[in-house]
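Structure, as structure tokens:
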Amino acid sequence: MLRTENIIDSDAHVSEPNDIWLRYLDASLREVVTGTPGFENGNSTGSDGPTSRFPLGFIPETGRQDLLQMAADAETRLKVMDGEGIDRVALFPTHALRLGGVRHPQLVPALFRAYNNWLAEHCAPNRERLLGVAMIPFQEPELAMKEAERAVTELGHRGLFISPHPVDNRNLDHPAYDPLWSLAEQLNVPALVHVSTGIRLPTAGAERFDRYCLFHLHAHPMEQMTAAASLILGGVLERHPCLRVGFMEAGCGWVPYWLERMDEHAENYRFEVPHLKERPSVYFRRQCFVSFELEERAVPYVAETVGAETLVFASDFPHHDCFFPGAVQKIRSDNPNRLYFGD
């Protein structure tokens, strides 16, 4: 039987080569990067300063290294996708997740350019199926705009990685980011909010827990909740009605509770949010998408109370909590097409 659905995995990850910076940085910066703490030997896991006390790309199960190897090679990934019945996949970073914590003035623009250049080459075997998500430097909002435009118009990336972690105390509703949201509307690409648990920036749970289990438990949903509140109550979605936002890798169960709470607070404290013309839940249903995890029991409830049109499937391949093989049978949906292409 001919399958007519176009199945998109909305959040999977690449496995960057260990020598990515030595290969893709300008020669003048190679000595700088190898002399920076965390980047010794030009590896891909640096953070320019003391590294996070929690591991990046944490893989506790034995046997998961095979998935990392699959994620390192585009041709191998395409074969895996064929076997799973996946038509397209959005590719997020792994080690480069922590680039948002780099503060070296020379390295900030160069590292993001290098990663996006490498990702473009990685996606080259089939750009229609491998959708690159561009990293942009929130450390410098003007540079973020320039790199976003270059990554989309010159390199062909299909989404913008949005870090929810505040840089210099700037939340996502900070006026400095408004031109970026306008650019995303103009380029017709989604803003994809994704937590980086290895980053050297404020992260929910990082200062309160010594165990990765407890930190990871808190970080993903709570950072997404904060990002949603900033974008909605902060007026970003009101000012940018064509902006599409995806909340990735935190599951979907938090959404009904958080929308109900935001609606209540917008009503009770409307003198603080006079710019909102709609209830927060209306903005979410109009412009937002949330990825759900396989076997997540909240999916039917979210579909009923928030709307099935907001849900997108994500595998998180090849990270430790992904479910492979057998991922795609769980979902048939047009929603990822609307998120990534506006269709």
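The values are calculated or read from the model by the stated rules, or taken from the named source; none is laboratory data. As the structure is a prediction and not an experimental result, all values here were calculated from the model. Every residue, glycine as well, gets a Cβ built from its backbone with ideal geometry; the counts of neighbours run over all protein chains shown.
Remarks
- Looking only at the range 202-229, and only at residues there that are free of Cβ contacts under 8 Å to residues at least 60 places away in the same chain and among the small types (Gly, Ala, Ser), the one that is surrounded by the most Cβ atoms within 10 Å (Cβ to Cβ): Ala219
- One residue stands out among those in the range 21-42 that are crowded, with 20+ Cβ neighbours inside 10 Å and aliphatic (A, V, I, L, M): the one that is modelled with the highest pLDDT, which is Leu25.
- Every listed requirement among (1) surrounded by fewer than 23 Cβ atoms within 10 Å (Cβ to Cβ); (2) within 21 Å of Ala184 (Cα to Cα) is met by Gly253 save one, (2).
- Qualifying residue in the range 65-79 (condition: modelled with pLDDT of 90 or more, among the small types (Gly, Ala, Ser) and part of a helix (DSSP H, G or I)): yes
- Neighbours by Cβ (under 8 Å, 6+ apart or cross-chain): first from the range 88-113, closer than 20 Å to Ala191 by Cβ; second of a type in the set (Phe, Trp, Tyr) and at pLDDT 90 or above: Phe92/Phe161; Pro93/Tyr115; Pro93/Phe161; Ala96/Tyr115; Leu99/Phe112; Leu99/Tyr115; Gly100/Phe138
- You will find that of Ala229, Ala250, Ala204, the residue that is hydrophobic (A, V, I, L, M, F, W, C) and out of contact with any helix residue (DSSP H, G or I) (no Cβ under 6 Å at 6 or more places or on another chain) is Ala229 and no other.
- Considering residues of the range 74-127 that are within 24 Å of Pro164 (Cα to Cα) and among the polar types (S, T, N, Q) only, the residue surrounded by the most Cβ atoms within 10 Å (Cβ to Cβ): Asn116
- Qualifying residue in the range 269-280 (condition: in contact (Cβ under 8 Å) with a residue 12 or more places away in the chain, under 25 Å from Ala12 (Cα atoms) and surrounded by fewer than 19 Cβ atoms within 10 Å (Cβ to Cβ)): no
- All positions within the range 284-313 that are farther than 21 Å from Asn6 by Cα and assigned to a loop (DSSP other than H, G, I, E, B): Glu295, Glu296, Arg297, Ala298
- Summed over the range 80-97, residues that are in a helix (DSSP H, G or I) and closer than 14 Å to Val14 by Cα total 5.
- The listed residue being more than 30 Å from Arg208 (Cβ to Cβ), surrounded by fewer than 21 Cβ atoms within 10 Å (Cβ to Cβ) and modelled with pLDDT of 95 or more, out of Arg286, Arg261, Arg244: Arg286
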